[in-house]
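The values are calculated or read from the model by the stated rules, or taken from the named source; none is laboratory data. Note that the structure is a prediction, hence the values are computed from the model and not measured. Virtual Cβ from ideal backbone geometry, glycine too; neighbours counted across all protein chains shown. With ligands, DNA and RNA removed, areas are computed over all heavy atoms of the protein, side chains included. Shrake-Rupley method; radii C 1.70, N 1.55, O 1.52, S 1.80 Å.
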2 protein chains.
Amino acid sequence: MTSPTKYLLDEARMPRAWYNIQADLPVPLPAVLHPGTLQPIGPADLAPLFPMDLILQEVSTEREIEIPQPVREIYRLWRPSPLVRAHRLEKVLQTPAKIFYKYEGVSPAGSHKPNTAVPQAFFSAQAGVKRLTTETGAGQWGSALAFAGSLFDLEVLVFQVRVSYDQKPYRRAVMETYGARCVASPSQETSYGRSVLAARPDHPGSLGIAISEAVEVAAQRDDTKYALGSVLNHVLMHQTVVGLETIEQMQMADAWPDVVVGCTGGGSNFAGIAFPYIGHALRGGQRARIVAVEPAACPSLTRGRYGYDFGDTGHMTPLVKMHTLGSSFTPPPFHAGGLRYHGMAPLVSHLRELGIIEASAYTQTQCFEAGVLFARAEGIVPAPEANHAVKGVIEEALRCRREGRAETILFNLCGHGHFDMAAYQRYFAGDLRDESYSEEELAMALAGLPSVPA
Amino acid sequence: MTSPTKYLLDEARMPRAWYNIQADLPVPLPAVLHPGTLQPIGPADLAPLFPMDLILQEVSTEREIEIPQPVREIYRLWRPSPLVRAHRLEKVLQTPAKIFYKYEGVSPAGSHKPNTAVPQAFFSAQAGVKRLTTETGAGQWGSALAFAGSLFDLEVLVFQVRVSYDQKPYRRAVMETYGARCVASPSQETSYGRSVLAARPDHPGSLGIAISEAVEVAAQRDDTKYALGSVLNHVLMHQTVVGLETIEQMQMADAWPDVVVGCTGGGSNFAGIAFPYIGHALRGGQRARIVAVEPAACPSLTRGRYGYDFGDTGHMTPLVKMHTLGSSFTPPPFHAGGLRYHGMAPLVSHLRELGIIEASAYTQTQCFEAGVLFARAEGIVPAPEANHAVKGVIEEALRCRREGRAETILFNLCGHGHFDMAAYQRYFAGDLRDESYSEEELAMALAGLPSVPA
């Protein structure tokens, strides 16, 4: 092997500011609406839930927002993360394409989630907040926030979806190791949780319900705020540190991507790698195709409706315009728990509507097959979420082979699968099913979208 | 925080050679003996088990042995690994000591083990070997060899201790993801395994038995060799890439350790961080105290005898002089499976006999307590094995506080605990016991050591 495999960025070149794509949007993002009045909300409406610094980031149209020094200091525990040329994967696929991946699994939580957990904890602590609440599915986000909270001496209360709480106890153990308290949702700790349990005592929970519970607790106490791991503008912006580093590292490799691929659940890791490239093109620079890959069993971008919806099941959040399957939609169980959300980040949805990004969907067995191929070629076992990106990349690489094109493909390998080996076991045992939703249920969920006059 | 936290080494400065401490020993290592003749063995005696390049490394007294370019290329996937100043841990402990840790959990297998798995697979592939056999307990070593094997297109057959195979299936899933075959030991695949099962069909297995099975398979076929994850000289030498990097990184921090701490099972991660410092001192350079920390339930260095013993339970290996609890000794169950071995690397044992290193032992609950404190302060959840090093470091740091000494303490954080969260759960639930061996059993095992005339 003659060309280098890994591109490491000198710490001194770690980005000093996040990139805010709102500065470069050709059409501004639709307003966030109050669900009662259907009028646009202002920063003050969000103050019960979030510290003001984060609210201002949420609505900012400044292109660069400085990464505070204490956040950069913690980022340095694992950042800049490596960019790797996937020589062996290229060889296995017999493709003329060049494949690069940015690897976020080197963080203490094993995923990209600490990129936003740390600044969220920092700005909360700065504002005098004592406690953060949040929701988590399989636990990737919950463990990242628990990690960040422990560094800023914040209490962290995590509502974990009941079915994951029971079946996947190891991420919970990580959260507890970091000192967080983890509660199965629906719980007896909130009035919304109690109402759900009253209707169905054995309810398995969902992300939408857990969000409602976390929001309810945060809204009740002045010293408590709510933290979300994806979807919101400021969360996606924090992740742009990934793509900003990547641009510099790709320059070290003398390369610019023809295609950028990321998996999408709420949209944060995808935004992290893609937004800096999209912004570059929007400002007149070189373009790349941008491909979002989502699970076929929860296809908000490919099968959802673009319209106003709630972010949670209990309808406590404002209304945001996004691709949604309906807040009452319950995705069938699959192992990429981080992608099991009914909606999509408003920013990602907006870019899709503007025709700036593409989207595709694959089943979980297709994605596990891709992940195993990647692990054997490149040595890293991807998280089930990341397998969706891997699958998308393999499809692009095979297209390049068919077309004889030496394109450059870049993707975000957003986390390792070390907590998800039970899913790989089921895959090897042939026990993985590609369960789908019923079209009828989807139609009902979409019919229940709130009615908002244009 | 003003002083830097992380010290990254430029890739160009990654070591080009491993350090062989045999070049600097004041007294040479005692000979390895044939168990039948009790005469020293030569390279040819080991040829059925290992490729000749590794055998020559095993007996070499050259100070530097070049790291082949293809191995360096793979090392670059995660090397140079970070050196981190544990500012927050220092603060929590209110110690004037400076604490640094080298973090090996960033490798694809999550531990230091790939440092030797990769060169072992490389030299085997170079020699035309088609298949490697090995043993594993909890699976840290087995997954590292499976990773390395996949990169060089080698079949890998892992004999996993039955009790771990049944109770900790996730590392097995990692091995299978990399394409290795994993068999519960004792197995029906070897005559030794069958003899053990004949005597006790429900035998839970042990590392010593699994080694015997792996050796038996390798000895039978020309295209098959055996790979060991610790104990042997060449394995420890491969790990010195850790300490060599650390010396350069500590220079970036303008620091030299007063104390170097590592956990010891077979001795490989300890050797990796410590041997380059020991060599420096043996060549007349600055000295550091070197402290090995082992589990109180398997205390080969602190309670074992220094004498000739077999490396395995089936007595298929040569006799090596080491600190041993006796090859028939069965350590009680505890969660640091990587430290559950009756013997200690001959090189580490020899240095202990020469008074060059110190040793201490702690119970597993003491070590989990230390690990949780570390995770909350520094953000990384250590593997149960690494918790022993953390415990040793905390004791040194508290001593520094009592004595008012601003010493510099360095340790090897040899792996993350993401596969071991069940153990943390048991710790939080109060279910962890500090089971000990019976003194009677230890005495019997020691009485059974082979008789070798001086």
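Table for the structure above
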quantity	calculated
Buried accessible area, chains A and B (both chains, 1.4 Å probe, Å² to nearest 100)	4000 Å²
Stretchable slack from B:ARG426 to B:ARG399, in nm (0.36 nm times residue separation minus alpha-carbon distance)	6.8 nm
Residue mean of other protein chain beta carbons inside 10 Å, B:65-74	1
B:CYS182 long-range amide H proximity, modeled H, under 5 Å	B:VAL158
Rounded FRET efficiency, nearest 0.05, which uses the C-beta distance separating B:ARG13 from B:GLU353 and R0 of 51 Å	0.90
Inter-chain shielding of B:373-381 (mean C-beta neighbours from other protein chains, 10 Å cut-off)	6
Computed [θ] at 222 nm, deg cm²/dmol, chain B (DSSP H ≥ 4; -39,500 (n - 2.57); rounded to nearest 500)	-12500 deg cm²/dmol
Accessible solvent surface per residue of the protein assembly as shown, calculated while the other protein chains remain in place, 1.4 angstrom probe, Å²	34 Å²
Cα gyration tensor shape of chain B, rounded if a/c is under 1.5, else prolate or oblate by comparing a/b with b/c	rounded
Ranked packing of B:107-120, A:165-178, most packed first, by mean Cβ within 10 Å	B:107-120, A:165-178
Other copies of A:ASP431: label-to-label distances in nm, shortest first, labels 7 Å along the beta-carbon direction	1.9
Residues in the range A:1-40 that, when all protein chains are in place, have 10 Å² or more less accessible area than the chain alone would give (probe 1.4 Å)	A:MET1, A:PRO4, A:THR5, A:LYS6, A:LEU8, A:GLU11
Pseudo-label separations to other copies for A:THR37 - Cα-to-Cβ vector, 7 Å, nm	9.5
Rounded, prolate or oblate (a/c below 1.5 giving rounded, otherwise prolate when a/b exceeds b/c) for the range A:291-334 by Cα gyration tensor	oblate
Counting DSSP beta bridges with both ends in the protein assembly as shown, the antiparallel % (nearest 5)	35 percent
Cross-link pairs B:LYS6/B:LYS168; A:LYS102/A:LYS130; A:LYS102/A:LYS225; B:LYS98/B:LYS391; B:LYS102/B:LYS225 - those with Cα-Cα distance over 23 Å	B:LYS6/B:LYS168; A:LYS102/A:LYS130; A:LYS102/A:LYS225; B:LYS102/B:LYS225
Averaged over A:196-203, number of beta-carbon atoms from partner chains that fall within 10 Å	0
From phi via Karplus (6.51, -1.76, 1.60), per-residue ³J(HN,Hα) for the range A:77-85 in Hz, x at Gly/Pro	4, 9, 9, x, 7, x, 9, 10, 7
Highest to lowest packing among B:271-278, A:385-392, scored as the average C-beta count within 10 Å	A:385-392, B:271-278
Rounded percent of accessible protein surface that carbon and sulfur make up, chain A, 1.4 Å probe	49 percent
Global geometry of the range B:353-454, whether rounded, prolate or oblate, following the gyration tensor of its Cα atoms and the 1.5 cut on a/c	oblate
Built amide H within the under 5 Å cut-off of B:GLY417, gap 5+	B:VAL381, B:ALA383
Heavy-atom SASA rank of B:HIS234, B:HIS335, A:HIS315 (probe 1.4 Å, accessible area, largest first)	A:HIS315, B:HIS335, B:HIS234
Note, ³J(HN,Hα) from phi for the range A:136-150, Karplus 6.51, -1.76, 1.60, rounded to Hz, x at Gly and Pro	8, x, 5, x, 4, 6, x, 6, 5, 5, 4, 4, 5, x, 5
Sequence ranges A:124-132, B:397-405, A:36-44, ranked by mean other-Cβ count within 10 angstrom, highest first	A:124-132, B:397-405, A:36-44
Per-residue SASA entry for A:GLU62, accessible area with 1.4 Å probe, Å² rounded to 10	120 Å²
Label-to-label distance, nm, for residues given as B:GLN69 and B:LEU56 (7 Å Cα→Cβ offset)	1.9 nm
Calculated from backbone phi, Karplus (6.51, -1.76, 1.60) coupling profile of the range A:277-289 in Hz, x at Gly/Pro	6, 4, x, 4, 5, 4, 8, x, x, 4, 9, 9, 6
Estimated FRET transfer efficiency when R0 is 45 angstrom, pair B:ALA281-B:HIS34 (beta carbons, to 0.05)	0.85
Most to least accessible of A:ILE247, B:ILE409 (protein chains only, probe 1.4 Å)	A:ILE247, B:ILE409
